[in-house]
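Trainee: Below: one structure in structure tokens.
The values are calculated or read from the model by the stated rules, or taken from the named source; none is laboratory data. These numbers come from a predicted model, not from an experiment. Here the Cβ positions follow ideal geometry from the backbone for every residue, glycine too, while neighbour counts run over all protein chains shown.
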Amino acid sequence: MKVVLPDESELELPAGASGRDAAAAIGPRLAEQAVLVRSDGSSQDLRLPLEDGQHIQILTTRDKDDPDALAVLRHSAAHLLAEAVRRLYPGVKIAIGPAIEHGFYYDFEFPEPIREEELERIEEEIRRELAEGRSWERRDTSAEEAKRLFGEQGERYKVELVDTAEGPISLYTQGDFTDLCRGPHLQDSKPIQAVKLTGLAGAYWRGDERNAQLTRIYGTAFYSQGDLDAHLERLEDAKRRDHRRLGPQLDLFHFEEVSPGAALWHPKGMAIWNALEDLRRRENERRGYLEVKTPIMWDTALWHRSGHWDKYRENFFLIPHGETTYGLKPMNCPGHMLLFASRLRSYRELPLRYAEAAALHRDEPTGSLHGLLRVRHITQDDAHVFCTEEQVQAEIDEMFDYVGFLYERFGVRELAHAELATRPENKLGSNEQWDVTEGILRAAVERQGIPYRVMAGEGAFYGPKIDLFMDDAVGRAWQMGTIQLDGQQPARLGCTYVGADNAEHTPYVIHRALFGSLERFIGILIEHYGGAFPFWLAPVQVRLVPVGEGHRAAAGEIRDALAEAGFRAELDERDETVGRRIRDAELAKVPKLVVFGDRESRDSLAIRDRGGRRYSASLDDLLEDLAKLAA
């Protein structure tokens, strides 16, 4: 058989050859350094057989910054963690341990609770394993054999996983530890040069609050100690930027236990919110979107028709009323489709672009709530574009242009990468229909020249999607907007248009949210800027500090002139020292500070920039300067 390499050359191999065999055929050094096979955007264990004509890329230890190469390293480190815990804590029960974005975790049921201080002991055991050396062996087995093995060990969580597993069952063994796992894994532990356990947390088995609460141990691993050191430094920076700390500190928002997962927005926080809303509305209008408003509550019959009920039932907040049950909407799309279907449409009206930033509600598990980043009360910058198949390409290209325009406003020059999520198991529609929609999105992201990877099975139930990621100021990738192509819901909800042939046709609908949710986007921005927002977005743009009581009136007139010109300016009249008020303005990260005393006037203002620069300027010059910053 033959496989196709990244340079389009072909490599001839014996039938049934594995990725490791392919690496050895290319060269012994590559075989030694190989960690993973990537094929069509998906990861494949080196031990698995390849198929004739398969396109492959062999990742090695030199690809130490590649997300897939890091994931296989961290997945293997998670298994070392499980082996260490099992050795140190007899009677522990082992649950699951995947790689995650910045590391890995493993969930355990300990006989007795453990403390953070014990992580060093566990980490030392992992270092001992690494010093001894480990290699991973994979074998496929039957569900019956796997259940017998784990049943004899008293590993009830593994037995339950076998019972609910779909597809072949495989086991990986390193040392005297065998785990239920689909892989992939490293060949051996040599590439793991740095491991750090980073914390403990509680986690419900399978994320269900009705199940047992387990202990989750978090960690991370790298191909070099230098990369780990840099990562730990970034973590410290991330702590300083944490929006859950800075939000209340900067008087932007807070949360209350009586409404978990829903932020209370303070006036300063609303200033940021409204600046984003103004940007969204202005650009939507410029790009031909029509603002609409739909109900927040719908009879559940609508969710049955759209398909959401069967796929999304656990996320609804339900309100019984008489003989009817209503659901608070978790998304806008069915309402927008009812708007489209409210009268007969012509192809001449297409594309038709509806936009709505509505309050949505999703019943997220309590344990998953995380500041503004994971909430129950969500406000999306939502839009749905109704178009013909021939118009889809141009509409998606325009959405990418819109994305670039928006993210550049926040100092992000280009998207970090994208993910193409393909058909899930619970999809609506035929494979042939999904072939079309997936092909359209794949071609769209490739036209943009953006690095992307395929997330098999992670599309929405009604269509594939492109998720867009940006890197923040400290190098963290955040999932931001999404573009989804829907060929299913429009037909279910009666959306049709009369074509040029005088026949009725079903439109495609492109779902898109570019900020994502405003709550989450603001949380990301707080961390991206460390609370030091650019001038146009800062909740207070200029603060006036009168030196004495006799200067308050004149300083107030300056504040009024700034406010009249459209700037967010405030007067600090507190009976505190000038030094204390200047320091407080610095802590509040106000971009411009004007100190007004005996020597200041409209013709000569003492101005301090955030960051320390001091200069003098007239009020007119200051207004001109601020106008440029605001633009």
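Trainee: Inspect all residues belonging to region 340-352 and state whether any of them is under 29 Å from I524 (Cα atoms) and either in the same structural domain as E425 (by TED's automatic domain parsing) or more than 29 Å from the chain's Cα centre (by Cα) (or both).
Mentor: Restricting attention to region 340-352, the residues satisfying the condition of being under 29 Å from I524 (Cα atoms) are none.
There is no residue in region 340-352 that is under 29 Å from I524 (Cα atoms) and either in the same structural domain as E425 (by TED's automatic domain parsing) or more than 29 Å from the chain's Cα centre (by Cα) (or both).
Trainee: List every residue pair whose Cβ atoms sit under 6 Å apart, with the two residues 6 or more apart in sequence or on different chains, where the first one lies in region 154-176 and is within 17 Å of L48 (Cα to Cα) and the second, anywhere, is among the acidic types (D, E).
Mentor: That search, which allows pairs on different chains as well, returns P168/D140; S170/D140; Y172/D179; T173/E137.
Trainee: Further question: Given the structure, is F253 of a type in the set (A, V, I, L, M, F, W, C) and more than 17 Å from L525 (Cβ to Cβ)? Quick ask: steps written out before the conclusion?
Mentor: Values: of a type in the set (A, V, I, L, M, F, W, C): yes; more than 17 Å from L525 (Cβ to Cβ): no.
Answer is no for this residue.
Trainee: Something else now. Looking for something at pLDDT 95 or above and of a type in the set (D, E, K, R) - is there at least one such residue anywhere in region 521-534?
Mentor: No; the residues of region 521-534 include none that is at pLDDT 95 or above and of a type in the set (D, E, K, R).
Trainee: A further question follows. Quick check on region 110-126. Is at least one of its residues part of a helix (DSSP H, G or I), of a type in the set (A, V, I, L, M), touching a helix residue (DSSP H, G or I) at 6+ places or on another chain (Cβ under 6 Å) and modelled with pLDDT of 95 or more?
Mentor: Taking region 110-126 and keeping what is part of a helix (DSSP H, G or I), we get 116-126.
Imposing the further condition that a residue be of a type in the set (A, V, I, L, M) reduces the set to 119, 122, 126.
Of the ones still in play, those that are also touching a helix residue (DSSP H, G or I) at 6+ places or on another chain (Cβ under 6 Å) are 122, 126.
Restricting the remaining residues to those that are modelled with pLDDT of 95 or more gives 122, 126.
Yes, because at least one residue in region 110-126 is part of a helix (DSSP H, G or I), of a type in the set (A, V, I, L, M), touching a helix residue (DSSP H, G or I) at 6+ places or on another chain (Cβ under 6 Å) and modelled with pLDDT of 95 or more.
Trainee: Right, something else. Quick one: is K190 buried (at least 19 other Cβ atoms within 10 Å of the Cβ) and either modelled with pLDDT of 95 or more or outside any helix (DSSP H, G or I) (or both)?
Mentor: Numbers: buried (at least 19 other Cβ atoms within 10 Å of the Cβ): no; either modelled with pLDDT of 95 or more or outside any helix (DSSP H, G or I) (or both): yes.
Against the criterion (buried (at least 19 other Cβ atoms within 10 Å of the Cβ) and either modelled with pLDDT of 95 or more or outside any helix (DSSP H, G or I) (or both)), K190 does not qualify.
Trainee: Then there's this: Could you grab me the full set of residues in region 274-322 that are among the β-branched types (V, I, T) and over 22 Å from K427 (Cβ atoms)? Show your work before the answer.
Mentor: We begin by selecting, within region 274-322, every residue among the β-branched types (V, I, T); these are 292, 294, 296, 300, 319.
Hits for region 274-322 are V292, T294, I296, I319.
Trainee: Just one of L46, L50, L81 is assigned by TED's automatic domain parsing to the domain that holds S189, in contact with a Gly (Cβ under 7 Å, 6 or more places away or on another chain) and buried (at least 20 other Cβ atoms within 10 Å of the Cβ); which is it? Walk me through it before giving the result.
Mentor: Working: L46 fails: assigned by TED's automatic domain parsing to the domain that holds S189; L50 fails: assigned by TED's automatic domain parsing to the domain that holds S189.
Result of the check over L46, L50, L81: L81.
Per-residue answers, yes or no, for (1) at pLDDT 95 or above; (2) of a type in the set (A, V, I, L, M, F, W, C):
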| site | (1), (2) |
| --- | --- |
| G548 | no, no |
| F567 | yes, yes |
| D575 | no, no |
| K592 | yes, no |
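Trainee: For region 19-30, enumerate the residues that are surrounded by fewer than 19 Cβ atoms within 10 Å (Cβ to Cβ) and aliphatic (A, V, I, L, M).
Mentor: Answer for region 19-30, where residues must be surrounded by fewer than 19 Cβ atoms within 10 Å (Cβ to Cβ) and aliphatic (A, V, I, L, M): A24, A25, I26, L30.
Trainee: Let me ask you something else. Of all residues in region 340-357, which are buried (at least 19 other Cβ atoms within 10 Å of the Cβ) and of a type in the set (A, V, I, L, M, F, W, C)?
Mentor: Restricting attention to region 340-357, the residues satisfying the condition of being buried (at least 19 other Cβ atoms within 10 Å of the Cβ) are 340, 345, 350, 352-357.
Passing the criteria: F340, L350, L352, A355, A357.
Trainee: Condition test on P334, is it farther than 19 Å from H370 by Cβ and either aromatic (F, W, Y) or over 21 Å from the mean Cα position of the chain (by Cα) (or both)? First the steps, then the outcome.
Mentor: Details: farther than 19 Å from H370 by Cβ: yes; either aromatic (F, W, Y) or over 21 Å from the mean Cα position of the chain (by Cα) (or both): yes.
Taking the combined requirement at face value, the residue satisfies it.
Trainee: I need the full set of residues from region 214-252 which are of a type in the set (D, E, K, R) and either closer than 14 Å to G199 by Cα or under 22 Å from the mean Cα position of the chain (by Cα) (or both), in order please.
Mentor: Residues of region 214-252 of a type in the set (D, E, K, R): 216, 227, 229, 233-234, 236-237, 239-242, 244-245, 251.
Listed by number, the residues that qualify are R216, E233, R234, E236, D237, K239, R240, R241, D242, R244, R245.
Trainee: Return the residues of region 453-477 that are under 28 Å from G530 (Cα atoms), among the aromatic types (F, W, Y) and buried (at least 20 other Cβ atoms within 10 Å of the Cβ); say none if nothing qualifies.
Mentor: Listed by number, the list is empty, since nothing qualifies.
Trainee: When residues of region 127-160 are filtered for being in a loop (DSSP other than H, G, I, E, B), under 13 Å from E83 (Cβ atoms) and charged (D, E, K, R), how many remain?
Mentor: Residues that pass the stated criteria total 1.
Trainee: Based on what the data block shows, is G97 surrounded by fewer than 20 Cβ atoms within 10 Å (Cβ to Cβ) and either of a type in the set (S, T, Y) or in a loop (DSSP other than H, G, I, E, B) (or both)? Write out each step before concluding.
Mentor: Numbers: surrounded by fewer than 20 Cβ atoms within 10 Å (Cβ to Cβ): no; either of a type in the set (S, T, Y) or in a loop (DSSP other than H, G, I, E, B) (or both): yes.
In short, no.
Trainee: Also: Could you give every pair whose Cβ atoms fall below 6 Å, whose first residue belongs to region 432-445 and is more than 10 Å from V392 (Cβ to Cβ), and whose second residue is among the β-branched types (V, I, T), counting only separations of at least 6 or pairs across chains?
Mentor: E438/T422; V445/I466
Trainee: Only one of E233, E257 is of a type in the set (D, E, K, R) and within 24 Å of E117 (Cα to Cα); which?
Mentor: Working: E257 fails: within 24 Å of E117 (Cα to Cα).
When all the criteria are applied, what remains is E233.
Trainee: Going through region 457-470 one residue at a time, which ones are over 11 Å from the mean Cα position of the chain (by Cα) and either touching a residue at least 40 places away in the same chain (Cβ under 8 Å) or in a strand (DSSP E or B) (or both)?
Mentor: Kept after step one, since they are over 11 Å from the mean Cα position of the chain (by Cα), are these residues of region 457-470: 457-466.
Selection gives A460, F461, Y462, G463, P464, K465, I466.
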